[in-house]
1. Select from the range 191-227 the residues that are in contact with a Leu (Cβ under 8 Å, 6 or more places away or on another chain), more than 30 Å from G433 (Cα to Cα) and touching a residue at least 60 places away in the same chain (Cβ under 8 Å) and list them in ascending order.
2. What number of residues within the range 133-158 are acidic (D, E), free of Cβ contacts under 8 Å to residues at least 40 places away in the same chain and either touching a Lys or Arg at 6+ places or on another chain (Cβ under 8 Å) or closer than 14 Å to A201 by Cα (or both)?
3. Could you look through the range 6-22, keep only residues that are touching a Ser or Thr at 6+ places or on another chain (Cβ under 8 Å) and part of a helix (DSSP H, G or I), and pick out the one that is surrounded by the most Cβ atoms within 10 Å (Cβ to Cβ)?
4. Which residue out of A104, A94 is in contact with a Pro (Cβ under 8 Å, 6 or more places away or on another chain), at negative phi and either aliphatic (A, V, I, L, M) or outside the structural domain of L13 (by TED's automatic domain parsing) (or both)?
5. Which residues, counting only those in the range 275-293, are over 16 Å from T214 (Cβ atoms) and in contact with an Asp or Glu (Cβ under 9 Å, 6 or more places away or on another chain)?
6. Hey, among D417, D422, D380, which residue is in contact with a strand residue (DSSP E or B) (Cβ under 7 Å, 6 or more places away or on another chain) and under 28 Å from C226 (Cβ atoms)?
7. For the range 53-79, enumerate the residues that are charged (D, E, K, R) and either under 26 Å from A103 (Cβ atoms) or touching a residue at least 40 places away in the same chain (Cβ under 8 Å) (or both).
Amino acid sequence: MKICVIGTGYVGLVAGAGFADTGNNVCCVDIDQNKIDLLNKGTIPIFEPGLEQLVAGNMEAGRLSFSTQIGDAVRESEVIFLAVGTPEKEDGSADLSYVRNAAATIGENLDSYKVIVCKSTVPVGTNEMIMEVISSISDMEFTVVSNPEFLKEGDAVNDFMKPDRVIIGTMDERARRIMKRLYKPLQRTKERIIFMDPRSAELTKYVANAYLATRITFVNEVANLCDLLGADVSKVRIGAGTDSRIGLRYFFPGCGYGGSCFPKDVQALMHTARSVGMKLEILETVDRINELQKLVPFVKLKKHFNNDFAGKRVALWGLSFKPETDDIREAPAVSITEELLKEGASVNVYDPVSVENFREVFGNRITYCFEQYETVRDVDALIVVTEWKELRSPDFDRLKSLMRTPVIVDGRNVYADYGLEDEGFSYYGIGLGNMNQNN
């Protein structure tokens, strides 16, 4: 099939390369000439394991191309995917201006029947808005379909090629057949497509992310309670999570969630509810608690230093909101660094891929390091914020010899069972109770 993907961001690139890999001819288009030039040179603007190889292989095979000529790509395609950004506005609602502009461009270039697929995360009713925009410009026949993405940053390629489910929102039989054919190569072992009406499909994405955010926030609250009661959250989560009704996934305590999806989607769903006169009490609490949770490592360290950071230098390991991505949007490391600077501390930071993104936020206010042990030289404390694999089993003797004082605040409980207190460290985890709390 001939496919056009409008938008070469995270979702558009993964979807475009994935569809090309199953034999389709895909043209990914964008208004950003610089981004398209980079892609045509084989440079991927985001860090996502496996994506660079997927793009390169399909470009070489002639199935994947990149262009700024959106009109040409629309006219030459059978299926058009909208994968443009829907950033959060100040009131928490989704900014649909990019979606609206893309819909207008499609309307201006329709020359035959097309299936227009909204892959972007959008509020309920957006499919209808897209239909109205296009219909106001063109008399050509078309169908708008909702097909929300469920891609985890750091594992997006695998999620696309082996999806848990494919949600398709349409009541049009012709579009159903086309979408089923398009996704058939991705469900060889079992049927994964779930058809529903467009409004239900649009809501499904928000509900899924909001529920996962709630799980994370709940176990974080339990962890904070464990600290006060002297219980160990690592044991509590296993005891509760092995109940088949609960499960262990997205049930890890830490210093809060971040990224481009959970914070934005929680806000958008709350705004949607408010627009129809309802307040989602649980999500309002989830959002508030998560912002506080991001600062738990900072609060623990502040207590250790008796509220005095004067003359203190602190190292951060891990800056992205999760491993295997360079995304620092809403990342706990950003919030922690801001608080450390406000308190007068000096800050060293390290991350395998996100240092330059962090530099765009903090400029020359902090010290950037490109090797993990370089980061801890002569520091008074280390905060582990992101559990990258290379940070999970460091040389603790070397750490201790390099640090001015051997203090570790572990925001992900990576070293919870390492017995660091016996090796002379002051060690603080999340929800580990009296066992690992030295205060």
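The values are calculated or read from the model by the stated rules, or taken from the named source; none is laboratory data. As the structure is a computational prediction, the values presented were derived from the model and not from experiment. Glycine gets a Cβ as well: all are built from the backbone with ideal geometry, and neighbour counts include every protein chain shown.
1. Listed by number, the residues that qualify are Y206, V207.
2. If we filter the range 133-158 for residues that are acidic (D, E), which is where we start, we get 139, 141, 149, 153, 155.
Checking the rest, the ones that are also free of Cβ contacts under 8 Å to residues at least 40 places away in the same chain come to 139, 141.
Remaining after also requiring either touching a Lys or Arg at 6+ places or on another chain (Cβ under 8 Å) or closer than 14 Å to A201 by Cα (or both): none.
Here the count works out to 0.
3. Across the range 6-22, the extreme among qualifying residues is G16.
4. A94
5. none
6. D380
7. Residues satisfying the conditions are R63, D72, R75, E76, E78.
Residue-by-condition table, conditions (1) over 17 Å from A102 (Cβ atoms); (2) within 19 Å of the chain's Cα centre (by Cα); (3) hydroxyl-bearing (S, T, Y):
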residue	(1), (2), (3)
V5	no, no, no
V11	no, yes, no
V14	yes, yes, no
I31	no, no, no
D37	yes, no, no
